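The values are calculated or read from the model by the stated rules, or taken from the named source; none is laboratory data. Keep in mind the model is a prediction, meaning the values are calculated, not measured. Because the Cβ atoms are built from the backbone with ideal geometry, glycine has one as well, and the counts that use them run over all protein chains shown. The protein model used for the area step is the full one, side chains on, heavy atoms only, and it has no ligands, DNA or RNA in it. Shrake-Rupley method; radii C 1.70, N 1.55, O 1.52, S 1.80 Å.
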Amino acid sequence: MTTETTQGTHFWFMTIHSPNAAGFFMNSYQGAWTPEPSATRLDTFNAIRRYVDTEDARARGGIVTAFDIQPNEL
């Protein structure tokens, strides 16, 4: 199968646990990412965390309980 959609070189997921008025909010986020050639795993984690915080205000100030990034090919 081929697709016209270009995906990143790596698949990632992140789960964040955040406080809210009801007690807490937990959500998982995922996507594809192409890190800069000189990027470290920490650089990539921080960039993805900033992205998630921008996309979902409920994640801001939360604790990352899970994170993984792997090559996006089978």
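Residue-by-condition table, conditions (1) outside any helix (DSSP H, G or I); (2) out of contact with any Phe, Trp or Tyr (no Cβ under 6 Å at 6 or more places or on another chain); (3) open to solvent by 80 Å² or more (accessible area, probe 1.4 Å); (4) modelled with pLDDT of 95 or more:
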{"site": "Thr2", "(1), (2), (3), (4)": "yes, yes, yes, no"}
{"site": "Gly8", "(1), (2), (3), (4)": "yes, no, no, no"}
{"site": "Phe11", "(1), (2), (3), (4)": "yes, yes, yes, yes"}
{"site": "Thr15", "(1), (2), (3), (4)": "yes, yes, no, yes"}
{"site": "Phe24", "(1), (2), (3), (4)": "yes, yes, yes, no"}
{"site": "Ala32", "(1), (2), (3), (4)": "yes, no, no, yes"}
{"site": "Asn46", "(1), (2), (3), (4)": "no, yes, no, yes"}
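Within region 48-63, track down each residue that is open to solvent by less than 40 Å² (accessible area, probe 1.4 Å) and touching a helix residue (DSSP H, G or I) at 6+ places or on another chain (Cβ under 7 Å).
Scanning region 48-63 gives Val52, Asp53, Ala59.
Give the residues of region 13-60 that are charged (D, E, K, R), over 11 Å from the mean Cα position of the chain (by Cα) and over 19 Å from Asn72 (Cα atoms), sorted by residue number.
Scanning region 13-60 gives Asp56, Arg58, Arg60.
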